[in-house]
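Enquirer: Before we start, here is the structure in question, set down as structure tokens.
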Amino acid sequence: MMVILVSVEFAQAVESLFRIIDRGITDRENAEHIKEIKESLCALEGGRVVDI
């Protein structure tokens with residue numbers, strides 16, 4: 001019985017780890033897209049982007 005509980009807890013820990021990794025990847029991708037959008041906006045406006 002205890003082995004099953006440890007396995008379930010381990011599976012939940014692994015699932016949480018993958019969620020954290022996925023969230024980090026998504027955050028990094030979003031940051032890259034925001035940077036690209038800022039650069040495009042800057043080029044269109046002919047000025048520099050000020051991050052507020």
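The values are calculated or read from the model by the stated rules, or taken from the named source; none is laboratory data. Here the structure is a predicted model, which means the values were calculated and not measured. Using ideal geometry, Cβ is built from the backbone for each residue, glycine included, and neighbour counts are taken over all protein chains shown.
Enquirer: Residue under question is GLU39, and the condition is that it be surrounded by 10 or more Cβ atoms within 10 Å (Cβ to Cβ), modelled with pLDDT under 90 and in a helix (DSSP H, G or I); does it hold? Please lay out each step first, then the result.
Expert: Numbers: surrounded by 10 or more Cβ atoms within 10 Å (Cβ to Cβ): yes; modelled with pLDDT under 90: yes; in a helix (DSSP H, G or I): yes.
For GLU39, the condition - surrounded by 10 or more Cβ atoms within 10 Å (Cβ to Cβ), modelled with pLDDT under 90 and in a helix (DSSP H, G or I) - is met.
Enquirer: Which of the residues that make up region 5-30 are under 19 Å from the mean Cα position of the chain (by Cα) and among the charged types (D, E, K, R)? Before the answer, list the steps.
Expert: Taking region 5-30 as the starting set, the residues that turn out to be under 19 Å from the mean Cα position of the chain (by Cα) are 13-30.
Of everything in region 5-30, those that are under 19 Å from the mean Cα position of the chain (by Cα) and among the charged types (D, E, K, R) turn out to be GLU15, ARG19, ASP22, ARG23, ASP27, ARG28, GLU29.
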